[in-house]
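Undergrad: Below you will find the structure I want to go over with you.
The values are calculated or read from the model by the stated rules, or taken from the named source; none is laboratory data. Keep in mind that what you see is a predicted model, and the values were worked out from it rather than measured. All Cβ positions, glycine included, derive from the backbone under ideal geometry; neighbour counts span all protein chains shown.
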There are 2 protein chains.
Amino acid sequence: MNIAVAQSGGPTCAINASLVGVFKEALKTPAIDAVFGSINGIEGMIKDELIDLKMVIRSNEDMELLRQTPSTVLGSCRYKLPAADEDDEVYRKIQANLEKHRIQAFFYIGGNDSMDTVDKLSVYLRSVGSDIRVIGIPKTIDNDLPITDHTPGFGSAAKYVAATVQEIIRDSSVYSVDSVTIIEIMGRHAGWLTASTCVLRANDEIAPHLIYLPECDLDADKFLEDVRIMQAKHKAVIVAVSEGVRIPEENRTDIVVDNFGHEYLSGIGKTLEQLVKDRIGCKVRSIELNVMQRCSSHICSKTDIDEAELIGSEGVKRALAGESGKMVYFKRLSDVPYVITVETTDASQVANKEKFFPKKWVNHARNDITPEAVRYFLPLIQGEVKIAMKNGMPVHFKLK
Amino acid sequence: MNIAVAQSGGPTCAINASLVGVFKEALKTPAIDAVFGSINGIEGMIKDELIDLKMVIRSNEDMELLRQTPSTVLGSCRYKLPAADEDDEVYRKIQANLEKHRIQAFFYIGGNDSMDTVDKLSVYLRSVGSDIRVIGIPKTIDNDLPITDHTPGFGSAAKYVAATVQEIIRDSSVYSVDSVTIIEIMGRHAGWLTASTCVLRANDEIAPHLIYLPECDLDADKFLEDVRIMQAKHKAVIVAVSEGVRIPEENRTDIVVDNFGHEYLSGIGKTLEQLVKDRIGCKVRSIELNVMQRCSSHICSKTDIDEAELIGSEGVKRALAGESGKMVYFKRLSDVPYVITVETTDASQVANKEKFFPKKWVNHARNDITPEAVRYFLPLIQGEVKIAMKNGMPVHFKLK
């Protein structure tokens with residue numbers, strides 16, 4: 001039998017490690033012959049754009065390089081399958097291409113949108129009597145998938161954010177004047193990554209002094225009051241804010257008009273910066289950690305990369321055992337020592353759903369994170385991958 | 001005799017390594033007793049805010065941690081000495097404090113403004129018959145000091161930028177649609193750091209496809225034409241632009257008005273992003289590497305950190321040999337093998353001056369860098385410091 005694998009959604013540092021997990025497990029499994037990579041996610045299965053991965057991943061060294069290469073080596077997509085009962089044309093194309101290449105199992109590495117694809121495709125294949133299996137392998141830096149304890153990709157993002165916020169704390173503390181530094185962190189609806197900056201407390205940092213998540217309401221007056229309270233104690237106040245935080249209309253200074261007359265929204269970081277400038281008047285700057293949060297493999301978490309590979313290989317085992325329409329996930333048995341197992345759940349339980357940061361781990365004033373969350377986050381950022389370097393730069397694996 | 005050291009100007013990853021260089025050399029020198037650290041640059045010498053560094057840097061481990069800690073452990077300032085013949089009050093205060101603590105040599109780690117301080121203070125002390133020596137130790141991520149081949153701090157910034165731009169290239173190449181990614185890099189007047197992204201060609205990256213420096217004129221039409229030419233060849237076009245690049249008024253879309261009616265300037269990255277959005281209409285985003293360029297010690301250049309320590313220790317030797325009013329600097333003897341020596345020059349040769357990126361290393365179309373520059377940059381980003389970690393995060397040295 002042959003198998004196929006594809007990658008979908010926004011890049012992370014760990015998606016290629018999950019691909020390696022699928023690939024390595026296939027190599028170890030005598031029943032599996034070819035391993036196809038579908039280019040640009042499910043689009044490659046629809047258009048029959050597949051590559052033979054054994055032709056491009058040729059050695060253990062290639063696999064090591066792939067593990068340290070961020071983003072999706074097979075490309076990605078944002079394609080969502082239509083409902084099969086309304087339009088089954090793409091389903092028939094996918095089935096035809098799967099059968100043409102004698103693919104018995106399809107692995108989809110992605111987030112909650114991709115689990116929708118896993119669910120729909122597996123239901124369709126079953127309905128037409130096909131026994132081709134479809135397995136979802138989770139990934140997202142947002143850590144917002146239900147059921148799983150955490151998502152591959154999140155630990156590396158959190159490690160980058162922790163290291164970088166700590167460096168920004170040093171950078172912000174050099175002058176003798178009062179200042180406010182606002183760090184905007186990814187997470188449109190769920191504040192996991194922003195909340196994870198609390199891990200710095202394990203290394204005796206007091207900052208970030210204020211942490212704001214999209215799960216909690218914020219308005220301009222509360223924000224300014226919080227800042228003033230912190231300024232009484234700290235010369236350089238550090239604020240971590242999730243990009244998804246919104247403040248009510250009347251306080252907003254983030255609607256800007258360029259000189260072509262276009263209105264556009266700047267980020268929450270700039271909005272809060274402008275508020276401090278206008279209403280407090282001290283030195284202030286905002287910093288967006290931007291895509292570096294999801295692609296800074298040079299400081300990835302070894303735990304995350306190892307787990308991403310593990311969950312990929314577990315996906316293959318589950319497909320071989322006959323499961324389909326499932327997502328593999330992590331169940332945490334213990335924080336200290338950190339112990340997880342890999343389980344499966346119906347992809348429909350995860351598809352299109354979000355898991356928010358628990359309110360019980362937010363303080364009463366809704367501007368900080370509790371110590372229980374530190375225990376949750378810490379295991380996920382442990383360990384460093386020894387990065388292969390060339391000419392002083394990390395080496396990335398590329399398709400020739 | 002006692003000595004004192006201070007740090008000034010914008011943070012880098014290497015300033016603390018130069019402090020370690022001064023400190024270690026002092027420990028090795030029987031003639032030197034106390035090593036004082038002046039808090040917030042020359043301001044500490046004026047206000048008599050000194051700390052005994054032997055009381056806070058207590059072990060080799062402390063020195064190792066200090067080497068891997070970004071920014072200035074002693075704080076910084078932007079203070080500029082007045083002309084001594086107009087106002088000698090601060091000079092008299094500094095001299096009094098130096099003499100009070102029996103300080104025979106003062107080391108100032110900083111950029112071209114700090115070399116102005118070194119020059120003026122040394123001239124003043126000589127003019128009043130003092131033999132207290134003043135030595136400048138260069139640092140700046142901008143690499144824009146005259147005389148010296150390069151500046152401590154630059155190599156680490158360039159290494160971070162190269163690694164990060166490479167990661168952004170991967171991140172930008174995942175979807176099947178045309179896109180433009182604009183990366184804004186520090187350097188207000190000199191384009192060294194932006195130009196250094198050309199090192200990626202040594203590792204077979206074609207991107208950045210366009211590199212713009214403040215040393216070269218740019219206008220909107222030329223920029224858009226450049227982008228269109230690259231789009232004919234590359235699906236994901238990557239642009240590296242120095243924050244100091246300006247485009248003429250009539251093309252500018254960067255004057256934005258917030259809803260309090262304030263006009264403010266957004267960065268060149270946002271300006272170019274808006275131009276692509278308005279005039280080409282494809283997917284486009286801009287990314288500011290921001291202060292991470294100057295503080296990301298977790299991926300510092302070992303060459304840079306070692307050289308920063310070396311030049312600090314050389315400064316002490318030069319002061320003991322009787323030199324004053326000088327800046328220590330690097331002279332490059334060879335690219336391959338990379339060989340440098342440390343020399344001294346009059347601080348007045350560097351004070352308030354800038355060294356621009358050489359025009360001969362810019363291509364004819366003024367949108368790329370030549371291979372000769374790759375040979376210049378490569379040695380500066382070589383090697384990795386083994387970073388001490390705790391709880392999955394780098395350990396920073398902090399004053400208790």
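Undergrad: Picking from B:Val123, B:Val177, which residue would you name as being hydrophobic (A, V, I, L, M, F, W, C) and not assigned by TED's automatic domain parsing to the domain that holds B:Ile238?
TA: The unique qualifying residue is B:Val123.
Undergrad: If you go through region A:157-164 one residue at a time, do you hit one that is out of contact with any Pro (no Cβ under 8 Å at 6 or more places or on another chain) and in a loop (DSSP other than H, G, I, E, B)?
TA: no
Undergrad: With the structure loaded, tell me whether A:Phe107 is of a type outside the set (Lys, Arg) and farther than 30 Å from A:Pro214 by Cβ or whether it fails that test.
TA: In short, yes.
Undergrad: With the condition being of a type in the set (Gly, Ala, Ser), I'd like the helices (runs of 4 or more DSSP H) fully within region A:279-398 carrying at least 1 qualifying residues.
TA: It comes to A:302-320, A:371-377.
Undergrad: Oh, and also: Starting from region B:284-306, take each residue that is at the interface with chain A (Cβ under 8 Å from one of its Cβ atoms) and list its partners that are assigned to a strand (DSSP E or B) and of a type in the set (D, E, K, R), counting only C-beta distances under 6 angstrom and pairs at least six apart or across chains.
TA: B:Glu288/B:Glu184
Undergrad: When you scan region B:3-26, do you find a residue that is at negative phi and surrounded by fewer than 17 Cβ atoms within 10 Å (Cβ to Cβ), even just one?
TA: Within region B:3-26, none of the residues are at negative phi and surrounded by fewer than 17 Cβ atoms within 10 Å (Cβ to Cβ).
Undergrad: For B:Asn363, which of the numbered conditions (1) under 21 Å from the mean Cα position of the chain (by Cα); (2) more than 30 Å from B:Thr117 (Cβ to Cβ); (3) away from every other protein chain (no Cβ under 11 Å) fails to hold?
TA: Going through the list (1) under 21 Å from the mean Cα position of the chain (by Cα); (2) more than 30 Å from B:Thr117 (Cβ to Cβ); (3) away from every other protein chain (no Cβ under 11 Å), B:Asn363 breaks only (1).
Undergrad: So the check is Cβ under 6 Å with 6+ separation or different chains; which pairs have a first residue in region A:25-46 that's away from chain B (no Cβ under 14 Å) and assigned to a loop (DSSP other than H, G, I, E, B) and a second one that's surrounded by fewer than 23 Cβ atoms within 10 Å (Cβ to Cβ) and among the acidic types (Asp, Glu)?
TA: Going by the 6 Å Cβ cut-off, the qualifying pairs are A:Ala34/A:Asp52.
Undergrad: Okay, next question. Are there any pairs with C-beta distances below 7 angstrom linking a residue in region A:197-226 that is in the same structural domain as A:Ala163 (by TED's automatic domain parsing) to a residue that is basic (Lys, Arg) and assigned to a helix (DSSP H, G or I), with the two at least 6 apart or on different chains, and if so which?
TA: Cβ pairs passing all conditions: A:Glu215/A:Lys359; A:Leu224/A:Arg279.
Undergrad: Right, here's the next one. From the list A:Val342, A:Val362, A:Val350, exactly one residue is over 28 Å from B:Met393 (Cα atoms), surrounded by 17 or more Cβ atoms within 10 Å (Cβ to Cβ), of a type outside the set (Phe, Trp, Tyr) and at pLDDT 95 or above. Which is it?
TA: The match here is A:Val350.
Undergrad: For region B:216-245, name all the residues that are in contact with a helix residue (DSSP H, G or I) (Cβ under 7 Å, 6 or more places away or on another chain) and farther than 15 Å from B:Glu273 by Cβ.
TA: Within region B:216-245, B:Asp219, B:Ser242 qualify.
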